[in-house]
Number of protein chains: 2
Amino acid sequence: MAANRIELPKRKLMGPGPLEIHPRVYQALTSPVIGYLDPDYLKILDQVGEKLRMVFQTRNRATNAMPGTGTSGMEACVANLIEPGDKVLVCVHGYFGDRLRQMVERQDAQMSVIEGEWGKPIDPGEIESAFKSEAYKVLAIVHAETSTGVLQPMDEVVRLTREYGVMLLLDTVTSLGGVEVKMDEWGVDAAYSCSQKCIGCPPGVAPVSFSDRAVEAARSRKQPVRSWYLDITLLEKYWGSERVYHHTSSSTLNYALLEALTLIEEEGLQNRFARHLKNHRALVAGVEAMGLEMLVSPEHRLPTLNTIRIPQGVDDVKARSYLLETFDLEIGGGLGALKGKVWRVGQMGYSSSAENVLFFLSAINRALSLQGHQTDLASGTQAAMSALDA
Amino acid sequence: MAANRIELPKRKLMGPGPLEIHPRVYQALTSPVIGYLDPDYLKILDQVGEKLRMVFQTRNRATNAMPGTGTSGMEACVANLIEPGDKVLVCVHGYFGDRLRQMVERQDAQMSVIEGEWGKPIDPGEIESAFKSEAYKVLAIVHAETSTGVLQPMDEVVRLTREYGVMLLLDTVTSLGGVEVKMDEWGVDAAYSCSQKCIGCPPGVAPVSFSDRAVEAARSRKQPVRSWYLDITLLEKYWGSERVYHHTSSSTLNYALLEALTLIEEEGLQNRFARHLKNHRALVAGVEAMGLEMLVSPEHRLPTLNTIRIPQGVDDVKARSYLLETFDLEIGGGLGALKGKVWRVGQMGYSSSAENVLFFLSAINRALSLQGHQTDLASGTQAAMSALDA
């Protein structure tokens, strides 16, 4: 039977996701599949909800994993919170803000858009101006823009949504489990993430959390949620005590998610954030000492995803193919406006490690030198090691 | 690390799904996760598409696995084919037809419904009357009703959709891979299934196939598909040669799906259908010889899911709990109108085996006798063995 094993390369994953998976999570995948209403499975679902509350830092009852990828989580938040005609303000400062915009558009909302520069955070002043001029129901914004590597500061955003009584819809795809996401403290009404980034699980399920106010709003809509599959008023009857059948929950992926969340619990959230930050700083120190440039200014850099400017004259695709073929190393290319202009180097979950920092620096040095672009690897390595030793 | 292994009972799964999983499929789950645009992963996706075409008996290009459960497949077919105001005829003769109705409603279609008796197929005469009185765009119907165990005969349905030029949307959740689904021969425009029934994979992905005509219709809609996540015009750009990022495909589940499809290929579709039929006949022979009654008349029985009437005076939940707790045996209860009235016994994929037939007969005999309802196990076993030996 071994002959039928799917033979795949063992990639070193340092792209935008999926990232590397802990052996215990792989092991959990082989736990026996059982029924979606099996009393033992319902305990698993409850534990998933409980541990996701820990990671989202929330007490929201409607917290669990959507049966789909991170994008299904995005659509769930949009489709549940927004009715046709609702006034919605969407912030677009990257590819995923733009995806949010497209989804909100499909709900036939009255949408306004703040277009921010890709590589910078959204200016809260613009949000305030918009709030002053019109009464919005929902603000949709990306906390950690996976396309640009920008971490949106939340203080002002949170102050404004509170002050103006606007519901807050937050994309935490590249932040949850890697940097602080304080759902309750921030008063977030709907947040979504994915399983395969900082959480450290294979892709296929999407952590989501809805505030009681958001669930209540969904219950009292004039028109039903356009997506039956993602309707939180139906899902909470399965996740909650009623246990009404809605979909056949993927036991396999939820076993893995639970194990990944258990690893987070064991490490401790704050330790985990510190690890992500340290390895990120080491990589940046190395990259800059080598003579390469980061896209984002230091105060707005996302510790989980680094965007490095591709030096003039270097062929993006050629360099990435070389890394993949020669070193089994995956890094991400740019999306949308940043295509061909940046590399996206993920340091998330199990992939956020000292060894990966060093491996990446050596590999990118080699890939660049083959295209005639010399970088100073000795200085880069030394700077990274100093940061790791800090 | 073994201590962290999630300890779960090893259930004998004979409910409506998930069913038991072949060891090779479990093994495939642990293949290393790689990126959604990795050239090696794209080969896996292509193979999934190719082997699903074999199972759907189609040449449709837009054939692959939706990133969600079977219900996401249902919603994908509904949301792509139907625009607000479209005239849609939905056949409801069970719980899943009713789910289709709810989804079509949420598309703001002009919907008409044929309500059929639960436990009988839809009368094609009613479809014809409806087609005669109005010009419909889409007919939505369930091929294999998981809630009733009825297999809808397709000949007349297919004749009518052709004759009246109506698009055909077909639920094949409990038929695909277990009984004939002739997508192209029948002229089906959109079909969906799930991974965890006759296909023999864990739940979490949904095989779907769209005819070229369906994709063309989706492309030329007046309004975009309401679900961005399930929009076939975006998905086909990822599944097809353009390879445009849409979602982070679950490599883990697709490895398992590919292995499950490879097992189907190795067994041969016709052999697989014959196995499902033989084990079904054996179970029915046993059940009837024991003195129990089937819900569905012989000519309309689904070979993959048996609905057995619960004898008068027998407590449904008590009996199923006993089977689960004492024998680790899961069978399904009734849904909707059939709640408390039938048991649903699945014989699909790896769970469709002679040993399971015999085990079920003995276990149900015991569960019933504990509630004071005697059945003739000796006759049941003999009848089943004769059928297995036929």
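What to note about this one:
- Per-residue shielding of A:72-83, expressed as the average number of other chain Cβ atoms within 10 Å of the residue Cβ, stands at 2.
- Exposed-site-free run, longest, chain B (rule: trypsin sites (Lys or Arg not before Pro); DSSP loop; at most 13 other C-beta within 10 Å): B:60-181
- Backbone geometry of the range B:35-44 corresponds, through the Karplus equation with coefficients 6.51, -1.76 and 1.60 at θ = phi - 60°, to 3J(HN,Hα) couplings of x, 6, 10, 4, x, 6, 6, 4, 5, 4 Hz, x marking Gly and Pro.
- Position B:LYS43, label points 7 Å along Cα→Cβ, spacing to each other copy in nm (shortest first, one decimal): 4.3
- Evaluated with a Cβ-only charge set (Lys, Arg +1; Asp, Glu -1), the range A:186-295 carries a dipole of roughly 280 debye about its Cα centre, given to the nearest 20.
- Length-normalised contact order for chain A - Cα pairs under 8 Å, 6+ apart - percent: 23
- Stretchable slack from B:LYS10 to B:SER112, in nm (0.36 nm times residue separation minus alpha-carbon distance): 32.3 nm
- Take each residue in B:221-234, count the other chain C-beta atoms within 10 Å of its C-beta, and the mean is 4.
- Candidates B:SER249, B:SER352, B:SER362, ranked by Gaussian network fluctuation over chain B, Cα under 10 Å, top entry: B:SER362
- Within the protein assembly as shown, antiparallel bridges make up roughly 50 percent of the DSSP beta bridges whose residues both belong there.
- Part-to-part distance (alpha-carbon centres) for the range B:94-126 and the range B:309-324, which is given in Å: 30
- Near A:ALA390: Cβ cut-off under 10 Å, other residues only, Lys/Arg at +1 and Asp/Glu at -1. The net charge is +1.
- GNM flexibility winner over chain B from B:PRO39, B:PRO202, B:PRO124 (Cα, springs under 10 Å): B:PRO39
- Long-range HN-HN contacts of B:LEU305 with modeled amide H, under 5 Å: B:GLN347
- Point-charge dipole on Cβ atoms (K/R +1, D/E -1) for chain A, about Cα centre, debye to 20: 440
- Relative contact order, percent, the range B:269-388 [alpha-carbon distance under 8 Å, six or more residues apart]: 38
- Global form of chain A, assessed from the alpha-carbon gyration tensor, a/c cut-off 1.5: oblate
- Long-range HN-HN contacts of B:ASN64 with modeled amide H, under 5 Å: B:VAL208
- Net charge of the neighbourhood of B:PRO153, taken over other residues with C-beta under 13 Å away and scored Lys/Arg +1, Asp/Glu -1, is -2.
- Shown in residue order for the range B:248-256 are the 3J(HN,Hα) couplings computed by the Karplus curve 6.51 cos²θ - 1.76 cosθ + 1.60 at θ = phi - 60°: 8, 4, 7, 4, 3, 5, 6, 4, 5 Hz (x for Gly and Pro).
- With a cut-off of 9 Å between beta carbons, the residues surrounding B:VAL33 carry a summed charge of 0, where Lys and Arg count +1 and Asp and Glu -1.
- Average beta carbon contacts from partner chains per residue of A:20-33, 10 Å cutoff: 6
- Chain A: most fluctuating residue of A:GLN27, A:GLN57, A:GLN347 per GNM, C-alpha cutoff 10 Å: A:GLN27
- In order along the range B:129-135, the phi-based Karplus estimate (6.51 cos²θ - 1.76 cosθ + 1.60, θ = phi - 60°) of 3J(HN,Hα) comes to 4, 5, 5, 5, 8, 8, 8 Hz; Gly and Pro are listed as x.
- Distant-in-sequence amide H partners of B:VAL90 (H built 1.01 Å from N, under 5 Å): B:SER112, B:VAL113, B:ILE114, B:ALA140
- Only helical runs count toward this figure. For chain A, summing -39,500 (n - 2.57) over DSSP H runs of n ≥ 4 and dividing by all residues gives -13500 deg cm²/dmol at 222 nm.
No lab work stands behind these numbers, since they all come straight from the coordinates. This is a predicted model, so every value here is computed, not measured. Glycine gets a Cβ as well: all are built from the backbone with ideal geometry, and neighbour counts include every protein chain shown.
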